[in-house]
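Comments concern the structure below.
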Amino acid sequence: MANIKDIALSAGVSISTVSNALNGKNNISKATKDKIIKICEEMSYSPGSKSKAFRAQDNNTVLFNFSDFDRSFFLRIINGVNDYLNDNGFNLMICTNKSCEKYMRSDLTRGCIILDERMKNDVLNVTASEDYPIVVLDRMIDNPHIKSIVVDNYESMYALMQGVVNAGYRKFGFVGGLEHTDDNKERYQAFIDVLEKNNIDFHRKNYFTGDYKEKSGYRVAKIFMLSKEMPEVLVCANDNMAIGAIKAFRENGLRVPEDIAVTGFDNCDSAEAIGLTTVSIPNYERGYLAARCLVEIISGKRATESLKISASVKWRKSVLVK
């Protein structure tokens, strides 16, 4: 049976070079590494379970972690991820919440894509390595082994808000999402900046915190209707909350947009049907790009600089535009 000395002699390299090749080190050329692996196969040499090069050949699974089955845009992202991986010989494993962490290992999956605000940065920073790259879609992380691909929330919300102001609206309410998320912070900051630029007052009592789900938008709309000061337009940090608000308003005889305008963010499947003015995020393309970037990193391209994706405003009948 061949041993590592036999492999080194046949390849014309040192034993340490063979060891480095089989353990995925980057201090040798790809041609040399491929030559050594081919000789190992020809000579039926089994390097054991610690060989990263051999383990990587058998492991073509990518992990995708997301947080919420109720939000339809996740499915578009998953479709994009899955299409790219299928076209390039990779398998997809999908997990949610805590179950994900036990599969974030290089002997089980090659890397992962994260879209879950509950996944802590500390976990990602400890897990990410040269042998286990991570792509995150919901935050910016400064780590050489983590690539951030995020939506340009600020610019797109700014464009939406400026359009609403240009339409003549001056009295605003805001329904935010989870306050610790980058998405919510950026969308709210753009909201405030446009109002300040146009000398429009906004009272914090008209800010309500939701959870990105339809029920929270519904509840906020009910609270506004009980108050004596209804806004002219309710700006929601995502579509689900906006749709919930519209349902509550209509149930109580208010017309959208004649009595109150409503905006969202995401352009989910129901947004067009309900006539919601919103920001359209290219979610299929976002997932496809995330998968492509991860596979490129796995293949040796260490391009982990962050990337921002543009989004566009979709004007529909939930806002009266002049």
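Read the figures in this text as sums done on the coordinates, not as results from a lab. Please read all numbers here as calculations on a predicted model, not as lab measurements. Virtual Cβ from ideal backbone geometry, glycine too; neighbours counted across all protein chains shown.
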Let me have the relative contact order for the stretch 153-281, percent, based on Cα pairs under 8 Å that are six or more residues apart. 25
Ordered by fewest other Cβ atoms within 10 Å, a rough proxy for footprinting exposure, Lys213, Lys147 read Lys213, Lys147
In order over the stretch 9-22: 3J(HN,Hα) from phi, Karplus 6.51/-1.76/1.60, θ = phi - 60°, whole Hz, x for each Gly or Pro, gives 5, 5, 7, x, 10, 7, 4, 5, 5, 4, 4, 4, 4, 6
Take the alpha-carbon centre of the stretch 252-304, take the same for the stretch 121-198, and report the distance between them in whole Å. 13
Prolate/oblate/rounded label for the chain (Cα gyration tensor, a/c 1.5): prolate
Total formal charge among the other residues, if their Cβ is under 13 angstrom from that of Lys301, Lys/Arg +1 and Asp/Glu -1: +1
In this structure, among Lys30/Lys120; Lys247/Lys314; Lys5/Lys102, pairs with alpha-carbon gaps over 31 Å are Lys30/Lys120; Lys5/Lys102
Please compute the volume of the convex hull spanned by the alpha-carbon atoms of the stretch 165-322 and report it per residue in Å³. 123
Placing unit charges on C-beta atoms (Lys and Arg positive, Asp and Glu negative, everything else neutral), compute the dipole magnitude of the chain about its Cα centre in debye, rounded to 20. 140
